[in-house]
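Q: Here it is, the structure in full.
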């Protein structure tokens, strides 16, 4: 989680603009909004409106809340075509488009596989062949039929379920930024759980928002420092969540294509113009790895990517158009800079 | 399903933010399309639009507002180039409307609801019914005169845990109901951002809830949901009320109070206590129904029943989640 106090210490505050910071729990994580407003009144009303928008989207997109629109779709769509509103429908269309573009590496139907591997209970276990086979029968974006004319969702197989956890937070960040822009806020940074953030404009007197990408496993160390202005950065990583079995280290990010957790990738970070894209495609980058991932990023305007590969203690870095690296496809052994607690962090 | 049946179901959907879960089998032929118009495309109106668009066959045929940015917001929700109107009379003159949503500031409800009813449309109107008693009676008269369906958008009244709670209460599961304590506690200014605050007209337009010319304040805007639910629990309307409140914290030029505490007395000797504050959110939005044999606590997500100690513990769970 970002540390508002540290951020405040490091960002120059010029009167009459003041930095306002507020954090709230939403979508299973902590959203933090940093903003420069005209005055305290504009700041508090804008923060409230932005968090209200995030809460609205949690109510629509949560797969934990029985009352959400997504839960209603999940309950009904295997039996009948379910009409949904244009916003949810468009996000589902976008999710399936990312699945196609990533050849299945990004997949909002991956839930049954996660459950088979025991990830929803916070642990991990090797599923039986039967469990794995049954789970895979319910996984795959091709099993979600969207009818744009009728605006309906229908599942082509029983057991299919939608989980927008790898795209919904990014979408909520984008929508919150839209609210802040409409409210006339001068500059803001909206951060979802330190994994997806958007830097709107720049703090007074600065060229952008300074963001540190931390080292996997040691957040006090910085892998890279970037300055963002009207861009999003998202990091997929699973260093903290993993389990070991028979000498293999399994992380909690699933490769939907083969039904096995990703191995050999510790962290993937993406910079792109919007947070819905970075949230979804940083996840795809993690699953695809740098070789295939770079081909995907080449199709995303303004994309810059950074992978950290290997095992703990033997990490190496691969980048694509990354701001503080020379050349493309540059691979090097990681020598992280020790820069504790500077600016906004992500990871 | 014909259009009359739709009105009942769609109204339930809007009020409770829930949809019926069976028989989504409306024919999709254009003749069965339901064309809605909306007067007032602000934050509440936008949420109603999203909810109604989850009903098969619903399409918005007209957006009406006096604030230009609302049209882009409304069209973003419909996903199409929906016709726009700056005057509700122009919207109501459109020939392809089946029903109308009224989600304007409270002081405009009666004008817009009555005009929509008299144009021959069914109406879903946001709560509260109207700002004055006379306006409320005028709406009732218009509904009777036109024979059109009209529903007030009270939150959660169709949520399954609310309906189940009412069923259990009416079945005597928590004994004789003597009190309802209802809270709407939040920790914010209740103020919405205004892009250009020096524009006083825009400030009053966007933050109409804070000005007596348009708003009934916290009791009308928040308490109305809880008061109507208490009326359902008690089976009658209250006969007397006392209350207090003030502008005690947010001294920012607003005219409506930032905290209220109101006590309603019902004919059978029952009491509703409603409290709305804007400086602490611990209790959130909840309703506590107290009976001689137990209690029901309703939140925005569920209802929990607690039973009084005199009920034999060996036979009945002391707590049930609905």
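Since every read-out is calculated from the coordinates, none of them should be taken as a lab result. Since this is a predicted model, take the numbers as computed values, not measurements. So basically every Cβ, Gly included, is an ideal-geometry build from the backbone, and we count neighbours across all protein chains shown.
Q: Please compute one quarter of the surface area of the Cα convex hull for segment B:94-137 and express it in square nanometres.
A: 2.9
Q: What number in nm² do you get for the protein assembly as shown if you take the convex hull of its Cα atoms and divide its surface by four?
A: 32.4
Q: Could you tell me what percent of the DSSP beta bridges with both partners in segment B:145-296 are antiparallel, to the nearest 5?
A: In segment B:145-296, approximately 75 percent of DSSP beta bridges are antiparallel ones.
Q: Quick check on packing: order A:294-301, A:124-131, A:88-95, B:85-92 by the mean number of other C-beta atoms within 10 Å, highest mean leading.
A: Descending mean neighbour count gives A:88-95, B:85-92, A:294-301, A:124-131.
Q: Let me ask you something else. Mind checking the angle between helix B:109-118 and chain B's longest principal axis? C-alpha axes, 0 to 90 degrees, to the nearest 10.
A: Relative to chain B, helix B:109-118 is tipped by roughly 60 degrees.
Q: While we're here: Extending each Cα 7 Å along its Cβ direction at residue B:141 and residue A:156, get the distance between those two points in nm, one decimal.
A: My value for the distance between the label points is 6.1 nm.
Q: When the helices in chain B are scored as -39500 (n - 2.57) per DSSP H run of 4 or longer and the sum is shared across all residues, what 222 nm value do you end up with, to the nearest 500 deg cm²/dmol?
A: -8500 deg cm²/dmol
Q: Next question, about the same structure. Using alpha carbon centroids, what distance separates segment A:92-146 and segment B:216-243, in Å?
A: 48
Q: Averaging the inverse of every distinct alpha carbon separation and then flipping it gives the Kirkwood radius. What is it for segment A:155-194, in angstrom units?
A: 12.3
Q: Give me the percent of DSSP beta bridges within the protein assembly as shown that run antiparallel, rounded to the nearest 5.
A: Given both bridge residues lie in the protein assembly as shown, the antiparallel proportion sits at roughly 75 percent.
Q: Right, here's the next one. Write down, largest first, the equivalent ellipsoid semi-axes of segment A:88-144 in whole Å, where each equals the square root of 5 times an eigenvalue of the alpha-carbon gyration tensor.
A: Over the Cα atoms of segment A:88-144, the semi-axes work out to 24, 12, 9 Å.
Q: What does the helix-only formula give at 222 nm for chain A: each DSSP H stretch with n ≥ 4 adding -39500 (n - 2.57), the total divided by the residues, and the result rounded to the nearest 500 deg cm²/dmol?
A: -9500 deg cm²/dmol
Q: Rg (Å, one decimal) plus Dmax (Å, integer) for the alpha carbons of segment A:190-301?
A: Cα-based Rg and Dmax for segment A:190-301 come out at 15.1, 54 Å.
Q: To continue, here is another question. Distance in nm between label sites at residue A:137 and residue B:201, each 7 Å beyond Cα in the beta-carbon direction?
A: Distance between label points: 6.6 nm.
Q: Taking all pairs of distinct Cα atoms, average 1/r, flip it, and tell me the Kirkwood hydrodynamic radius of chain A in Å to one decimal place.
A: Result for chain A, one decimal place: 20.7 Å.
Q: Taking each residue of A:40-48 in turn, how many C-beta atoms of other protein chains fall within 10 Å of its C-beta, and what is the average?
A: Per-residue shielding by partner chains comes out at 5.
Q: Sorted by mean Cβ packing within 10 Å, highest first, what order do the peptides A:149-157, B:152-160 take?
A: Highest to lowest by the protection proxy: B:152-160, A:149-157.
Q: Given the C-alpha centroids of segment B:29-58 and segment A:41-70, what is the distance between them in whole angstrom?
A: 21
Q: Please compute the average number of Cβ atoms from other chains found within 10 Å of each residue's Cβ in peptide A:59-66.
A: 2
Q: Show me the ranking of peptides B:198-205, A:62-69, B:136-143 by mean Cβ neighbours inside 10 Å, starting with the highest.
A: A:62-69, B:136-143, B:198-205
Q: I'd like the mean, over residues of A:151-164, of how many other protein chain beta carbons sit within 10 Å of each residue's own Cβ.
A: If you average over the peptide's residues, the count of other-chain Cβ atoms is 1.
Q: While we're on this one: For chain B, give the share of DSSP beta bridges that are antiparallel, in percent and rounded to the nearest 5; count only bridges with both residues there.
A: Restricted to chain B, the bridges split so that about 55 percent are antiparallel.
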